[in-house]
Amino acid sequence: MPLGLWSKKRGKSKETSKLVESEADPAPAPPAADPAPAPPAPRARLHFHAQLAHGSATGRVEGFASARQLYAQIAEAFCIPPAQIMFCTLNTHKVDMDKLLGAQIGLEDFIFAHVKGQRKEVEAIKTEDVLGLTITDNGTSCAFIKRIKEGSLMDQIKTVCVGDHIESINGKNVSQYRHYEVAKMLKDLEKGQMFKLELIEPMKAFEMLEPRSHGASLPEAKISRGRETLRLRTKGPATVEEMPSEAEEKAIKKVDELLETYMGIRDIELAATMVEAGRDKKNPDEFAMALDEALGDFAFPDEFVFDVWGAIGDAKQGRLE
């Protein structure tokens, strides 16, 4: 994805305090004549409370540094396979895409895990160039529907809902595909042809059944955050950070919108990683090099990279609403 000659490599972003996995180093021994001080107390690891969204007792998770580790911890706490977890929401049991767990978890947030429920099949003819679906995933290759465009082809099929996991497309199992791969397969379906989707909806308790939702609209998407947040990273350790600045939050939301426009996906964690990659870059060539190093698998087109670079610059200059 080169945009020109790159003369500088990406500078490593500064990280704040890491999750503590062991006790702090003991203080140096005092002179023999003095009484030995008590050893320093170990710093407690961060812990969060969690429930299954369809109803369960409360469990506790701690010590995770990525979404994959978080799901493994939740699965262990509730004695279920990790692959059963579709996605998590913060502070609500509802399938609310505004509350979807992404790159940031507020230190006071309560985690609700949505697990796989009923399977269903949908057959339709692709009468339009686009289906009207926006896809995201949970960070462990479980792609699901984040938004359904009102008035679109898929909006007319009422059994398709926000939160549904796309398990297969025309008989091809895509349950371990990333969201951008699933979005591309849907986009590449031939117009005028019949296609079949196999979906899995989130499990719901009977009293929690609700009308179908279109998901978050573009202006409504929010970043879940507390006063301090735990930042989950695809690569590297999780870190405790101050919540994003107003300019960074606006940039992340704008980049998330650009991801939908160019790729048909929404991914706050990916958007936050891209904004972070551009934090100390001086030109789009340096920024493109940083994206290649961190996110080369996505093969972003040049025009998308320029637009993201522009969004980051606009946010820094206060030009984003």
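Of note:
- Odd one out for residue 129 among (1) out of contact with any Ser or Thr (no Cβ under 9 Å at 6 or more places or on another chain); (2) open to solvent by less than 10 Å² (accessible area, probe 1.4 Å); (3) more than 24 Å from residue 270 (Cβ to Cβ); (4) not small (Gly, Ala, Ser): (2)
- Restricting segment 274-287 to residues that are farther than 14 Å from residue 311 by Cα and assigned to a helix (DSSP H, G or I), the residue that is least open to solvent (accessible area, probe 1.4 Å) is 286.
- Residue-level check: of (1) at negative phi; (2) open to solvent by 50 Å² or more (accessible area, probe 1.4 Å); (3) modelled with pLDDT of 95 or more, residue 211 misses just (3).
- Considering segment 159-199, the residues that are aromatic (Phe, Trp, Tyr) and open to solvent by 30 Å² or more (accessible area, probe 1.4 Å) include one that is nearest to the chain's Cα centre (by Cα), namely 180.
- Residue count for segment 257-268, restricted to those that are surrounded by fewer than 24 Cβ atoms within 10 Å (Cβ to Cβ) and under 9 Å from the mean Cα position of the chain (by Cα): 1
- For segment 159-182, the set of residues classified as among the aromatic types (Phe, Trp, Tyr) and without any contact (Cβ under 8 Å) to a residue 60 or more places away in the chain consists of 177 only.
- Scanning segment 47-77 for residues that are surrounded by fewer than 17 Cβ atoms within 10 Å (Cβ to Cβ), farther than 20 Å from residue 146 by Cβ and not small (Gly, Ala, Ser) gives 47, 49, 58, 60, 62, 69, 76.
- Failed criterion for residue 115 (all others in (1) under 30 Å from residue 244 (Cα atoms); (2) open to solvent by 20 Å² or more (accessible area, probe 1.4 Å) hold): (2)
- For segment 104-158, taking the residues that are farther than 30 Å from residue 276 by Cα and free of Cβ contacts under 8 Å to residues at least 40 places away in the same chain, the one that is nearest to the chain's Cα centre (by Cα) is identified as 154.
The values are calculated or read from the model by the stated rules, or taken from the named source; none is laboratory data. Keep in mind the model is a prediction, meaning the values are calculated, not measured. When we count neighbours, we look across all protein chains shown, and the Cβ atoms used for this are built from the backbone with ideal geometry, even at glycine. Accessible surface areas use protein heavy atoms only, side chains included; no ligands, DNA or RNA. Shrake-Rupley method; radii C 1.70, N 1.55, O 1.52, S 1.80 Å.
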